[in-house]
Amino acid sequence: MTRDPDTLLAKVDEASAVGRLMLKGLMSQRGAADFQTALASEVEEIKAERKKEVGAQAVLLFQTYLSLTTFISGVVLGLLKNKHRSNF
């Protein structure tokens with residue numbers, strides 16, 4: 001539990017910011033020419049969005065370890081099972 005998740009979520013925010021910047025690049029949205037500046041700006045935007053959503057409430061954070069391959073396999077198998085059931 002924390003009232004300030006920013007420090008604990010720094011790496012998550014940075015990864016999300018990189019993803020957002022990649023999407024903006026694909027959509028040809030021009031921004032800051034310097035990647036580090038654009039990354040820092042995007043991270044600050046993510047923090048502001050979280051602060052708006054959470055406010056001063058305590059936040060429960062947890063960490064899990066899951067292989068991406070395992071996750072994707074589970075999702076695909078679930079979708080296939082559901083599709084198979086709907087055919088009968």
* **Inter-site label distance for E53 and D34 at 7 Å from Cα along Cβ, in nm** => 2.9 nm
* May I ask you to list the aspartates and glutamates whose Cα is less than 17 Å away from that of K52, ignoring any residue fewer than eight positions away on the same chain? => D4, D6, D13, E42, E44
* Ranked list, fewest to most other Cβ atoms within 10 Å of each Cβ, for E42, E49 -> E49, E42
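Rule-based calculations on the coordinates, nothing more; no lab input. Because the structure is a prediction, the values reported are computed rather than measured. Don't worry about glycine lacking a Cβ; one is built from the backbone with ideal geometry, like all the others, and counts go over all protein chains shown.
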